[in-house]
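Peer 1: Sharing a structure, written as structure tokens. Questions coming.
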Amino acid sequence: MRRTDPEGHGPVRYGPPLPDDGLPVLPELADRVAAAAGRAEAEPAGGGTALREAACGWFGRRALPALPDRVAAAPGANALLVALTAALGGDVLVPRPCAAWWAPYARLLGRPVFHVATPAECGGVPDPYALLETVRRVRDEGGDPRLLVLSVADDPTGTVAPPEVLHEAVEAAAGEGLHLVSDETWRDTLHRPHGTVLLSPAEMLPERVTVVADLAGALLPAGWPAAIARFPAGDPGAALHARVLDILTALGARVAAPVAAAAGHALTEPAAVTERRAAAVRLHARVAAAVHAVVVGAGALARPPQAGRHLYADLGPLRPALTGRGVGDAQELEDFLTDRLGMPAPGGHRFGDDLGALRVRLSTGPLLGATDAERAECLTSPVPLELPHVHRALITLRSVFDDLRDDAQRWEPPR
């Protein structure tokens, strides 16, 4: 079975960072960093006691009880995934599309990576039948699939996997003896928290799931790298935890002490942190809904965003117009939209999608303004979409997509 090696068109091996929230740093967290700036001692590999206990509390409030000796922290989820991939060995399975940073770390370790199609309902989890077929084919060709990485609240698609879809995927993975890494970075960014059911694979298969969450998803600025992991109970989980700590130690992958202080405080979820998070989620949900309306109004395809600060658009229906503008693949689409919109618009090839497919991830953070003052105003305004700087950004977005729609209609053959 052919492996999904990077294409030779454009810098696809290392993809874009997590979508930034575009907002000023919460003063309470900045104060924590400043107060810890004088600490000379380093955090231990895997995180100090205070940080790990705070992480246990965070997991516990999400129906994922944890003990400090089964939790680890690292400077970003990428370090945790590198350590987990190295510790587990074997081949790696990921959905198509998937977060841009998943596959490169497996390839860095020389691990084959195989993409699996996702169901129609959502991204982030593999279609169970496609997963079973992929595992069978890999094994028939001498491969050794051991690890499946998935995300219930997904980057890049912005969707949330329905529990029944997730259950079928987890059941298929368990039947094949795979270990699962559940990336739950975006679980606290649900646009309709009371109307969307989010379950973790660790609730369904506690003995074979390691949960990873990058705190840049909902708690910390992206420039303060910190992430946490929860390992399964039992002897295999203990052995995996120990091996991951060995690898983090060898890599020197320690959370910086000032960042650890802010992360530990944020993980306890004091009022200021939860209020900021809720306000940011509401803001990005509104902007994402507006972006989605623009995209589908122009004739492109996109699932309604349910979480995060992004959505995933398929501009295939607009291909005639794009071809006329010299755009024939995802790299060229990325270049075209980045230039026209004045904001990053990474193509689907960066997320493991086909280079020839005209798909792109659009983020909401860049639409909130150019200065901290403009972005902060978005948080407090009852009508953020009507603020002049946000309105101008949406007008630009609509103009670009409407032009493509009009050109595509001109290229349609008469009926």
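Condition check ((1) within 27 Å of Gly234 (Cα to Cα); (2) touching a Phe, Trp or Tyr at 6+ places or on another chain (Cβ under 6 Å); (3) not small (Gly, Ala, Ser)) across all residues:
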| residue | (1), (2), (3) |
| --- | --- |
| Gly89 | yes, no, no |
| Leu150 | yes, no, yes |
| Gly158 | no, no, no |
| Leu190 | no, no, yes |
| Ala202 | yes, no, no |
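Peer 1: Another question, then. All but one of (1) in contact with a helix residue (DSSP H, G or I) (Cβ under 7 Å, 6 or more places away or on another chain); (2) buried (at least 19 other Cβ atoms within 10 Å of the Cβ) hold for Glu176; which doesn't?
Peer 2: Tallying (1) in contact with a helix residue (DSSP H, G or I) (Cβ under 7 Å, 6 or more places away or on another chain); (2) buried (at least 19 other Cβ atoms within 10 Å of the Cβ), Glu176 fails exactly one: (2).
Peer 1: Hey, Arg192 hits all of (1) surrounded by fewer than 18 Cβ atoms within 10 Å (Cβ to Cβ); (2) closer than 23 Å to Asp353 by Cα but one; which does it fall short on?
Peer 2: The failed condition is (2).
Peer 1: Tell me which of these Gly123 doesn't satisfy, since it passes every other one: (1) farther than 24 Å from Ala202 by Cβ; (2) touching a residue at least 60 places away in the same chain (Cβ under 8 Å); (3) part of a loop (DSSP other than H, G, I, E, B).
Peer 2: (1)
Peer 1: If I go through the range 153-200 residue by residue, how many of them are among the hydrophobic types (A, V, I, L, M, F, W, C), in contact with an Asp or Glu (Cβ under 6 Å, 6 or more places away or on another chain) and closer than 19 Å to Leu64 by Cβ? Break it down into steps so the answer makes sense when it comes.
Peer 2: Taking the range 153-200 as the starting set, the residues that turn out to be among the hydrophobic types (A, V, I, L, M, F, W, C) are 153, 160-161, 165-166, 169-170, 172-174, 178, 180-181, 186, 190, 197-199.
If we keep only those that are in contact with an Asp or Glu (Cβ under 6 Å, 6 or more places away or on another chain) too, we end up with 165.
With closer than 19 Å to Leu64 by Cβ added as a condition, the list becomes none.
The number of residues fulfilling the criteria is 0.
Peer 1: Within the range 94-108, is even one residue assigned by TED's automatic domain parsing to the domain that holds Ala226, surrounded by fewer than 22 Cβ atoms within 10 Å (Cβ to Cβ), part of a loop (DSSP other than H, G, I, E, B) and at pLDDT 95 or above?
Peer 2: no
The rows are residues; the columns are (1) under 20 Å from Ala285 (Cα atoms); (2) modelled with pLDDT under 95; (3) surrounded by fewer than 18 Cβ atoms within 10 Å (Cβ to Cβ); (4) in the same structural domain as Arg319 (by TED's automatic domain parsing).
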{"site": "Leu333", "(1), (2), (3), (4)": "no, no, no, yes"}
{"site": "Gly348", "(1), (2), (3), (4)": "no, no, no, yes"}
{"site": "Asp353", "(1), (2), (3), (4)": "no, no, no, yes"}
{"site": "Thr364", "(1), (2), (3), (4)": "yes, no, no, yes"}
{"site": "Leu367", "(1), (2), (3), (4)": "yes, no, no, yes"}
{"site": "Asp372", "(1), (2), (3), (4)": "yes, yes, yes, yes"}
{"site": "Ile395", "(1), (2), (3), (4)": "yes, no, yes, yes"}
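Peer 1: Also: Just checking, which of Ser399, Ser381 is over 18 Å from Val294 (Cβ atoms), exposed (fewer than 14 other Cβ atoms within 10 Å of the Cβ) and modelled with pLDDT of 95 or more? Working first, answer last.
Peer 2: Numbers: Ser399 fails: over 18 Å from Val294 (Cβ atoms).
That would be Ser381, the only listed residue that is over 18 Å from Val294 (Cβ atoms), exposed (fewer than 14 other Cβ atoms within 10 Å of the Cβ) and modelled with pLDDT of 95 or more.
Peer 1: So, in the range 30-75, of the ones that are of a type in the set (Gly, Ala, Ser) and in contact with a Ser or Thr (Cβ under 9 Å, 6 or more places away or on another chain), which residue ends up farthest from Leu198 (Cα to Cα)? Reasoning before the result, please.
Peer 2: At the first step, the residues of the range 30-75 found to be of a type in the set (Gly, Ala, Ser) are 30, 34-38, 40, 42, 45-48, 50, 54-55, 57, 60, 63, 66, 72-74.
Narrowing further to those that are in contact with a Ser or Thr (Cβ under 9 Å, 6 or more places away or on another chain): 45-46, 54, 57, 63.
On the way: Ala45: 31, Gly46: 27, Ala54: 22, Gly57: 19, Ala63: 11 Å.
If we take residues in the range 30-75 being of a type in the set (Gly, Ala, Ser) and in contact with a Ser or Thr (Cβ under 9 Å, 6 or more places away or on another chain), then Ala45 is farthest from Leu198 (Cα to Cα).
Peer 1: Here's something else I'd like to know. Looking at Ala280 and the list (1) more than 20 Å from the chain's Cα centre (by Cα); (2) part of a helix (DSSP H, G or I); (3) among the hydrophobic types (A, V, I, L, M, F, W, C), which single condition is not satisfied?
Peer 2: Tallying (1) more than 20 Å from the chain's Cα centre (by Cα); (2) part of a helix (DSSP H, G or I); (3) among the hydrophobic types (A, V, I, L, M, F, W, C), Ala280 fails exactly one: (1).
Peer 1: Residues Ala376, Ala298, Ala307, Ala285: which one is among the aliphatic types (A, V, I, L, M), farther than 30 Å from Tyr105 by Cα and under 22 Å from the mean Cα position of the chain (by Cα)? Give the derivation first.
Peer 2: Numbers: Ala376 fails: under 22 Å from the mean Cα position of the chain (by Cα); Ala298 fails: under 22 Å from the mean Cα position of the chain (by Cα); Ala307 fails: farther than 30 Å from Tyr105 by Cα.
Step by step, each of Ala376, Ala298, Ala307, Ala285 is checked, and only Ala285 is among the aliphatic types (A, V, I, L, M), farther than 30 Å from Tyr105 by Cα and under 22 Å from the mean Cα position of the chain (by Cα).
Peer 1: In addition: Six or more apart or on different chains, Cβ under 9 Å: which pairs go from a residue in the range 199-210 that's over 15 Å from Ala172 (Cα atoms) to one that's among the polar types (S, T, N, Q) and not in a helix (DSSP H, G or I)? Could you list them?
Peer 2: Close Cβ pairs satisfying both conditions: Ser200/Ser182; Thr210/Ser182.
Peer 1: Quick check on my filter: what residues within the range 269-288 are more than 19 Å from Leu385 (Cα to Cα), surrounded by fewer than 16 Cβ atoms within 10 Å (Cβ to Cβ) and touching a helix residue (DSSP H, G or I) at 6+ places or on another chain (Cβ under 9 Å)?
Peer 2: Pass one, the range 269-288, residues more than 19 Å from Leu385 (Cα to Cα): 269-275.
When the remaining residues are screened for being surrounded by fewer than 16 Cβ atoms within 10 Å (Cβ to Cβ), the result is 270-272, 274-275.
Within the range 269-288, Pro270, Ala272 meet the criteria.
Peer 1: Filter the range 184-229 down to the residues that are within 19 Å of Ala54 (Cα to Cα) and either at pLDDT below 95 or of a type outside the set (A, V, I, L, M) (or both) and list them by number.
Peer 2: Glu184, Thr185, Trp186, Arg187, Asp188, Thr210, Asp214, Gly217, Pro221, Trp224, Pro225
Peer 1: Out of all the residues in the range 336-365, which are within 15 Å of the chain's Cα centre (by Cα), assigned to a helix (DSSP H, G or I) and of a type in the set (D, E, K, R)?
Peer 2: Hit for the range 336-365 is Arg350, nothing else.
Peer 1: Okay, moving on. Starting from residues that are farther than 18 Å from Glu53 by Cβ and in contact with a helix residue (DSSP H, G or I) (Cβ under 8 Å, 6 or more places away or on another chain), keep the ones in the range 249-267 and report whichever is surrounded by the fewest Cβ atoms within 10 Å (Cβ to Cβ). Spell out how you get there, then give the answer.
Peer 2: If we filter the range 249-267 for residues that are farther than 18 Å from Glu53 by Cβ, which is where we start, we get 249-253, 256, 258.
Going one step further and asking which of them are in contact with a helix residue (DSSP H, G or I) (Cβ under 8 Å, 6 or more places away or on another chain), we end up with 251, 253, 258.
On the way: Leu251: 15, Ala253: 22, Pro258: 18.
This residue is Leu251.
Peer 1: Only one of (1) at pLDDT 90 or above; (2) part of a loop (DSSP other than H, G, I, E, B); (3) not basic (Lys, Arg) is not met by Tyr14, so which one is it?
Peer 2: With (1) at pLDDT 90 or above; (2) part of a loop (DSSP other than H, G, I, E, B); (3) not basic (Lys, Arg) applied to Tyr14, the lone miss is (1).
Peer 1: Pro305 fails exactly one of the following numbered conditions: (1) modelled with pLDDT of 95 or more; (2) surrounded by fewer than 22 Cβ atoms within 10 Å (Cβ to Cβ). What is the number of that condition?
Peer 2: Exception for Pro305: condition (2).
Peer 1: So Arg32 ticks every box in (1) surrounded by fewer than 22 Cβ atoms within 10 Å (Cβ to Cβ); (2) charged (D, E, K, R); (3) part of a loop (DSSP other than H, G, I, E, B) but one. Which box is left unticked?
Peer 2: That leaves (3) as the condition not met.
The values are calculated or read from the model by the stated rules, or taken from the named source; none is laboratory data. Worth saying up front: this structure is predicted, and the values here are computed from it rather than measured. Cβ coordinates were reconstructed from backbone atoms using ideal geometry, including for glycine residues, and neighbour counts include every protein chain displayed.
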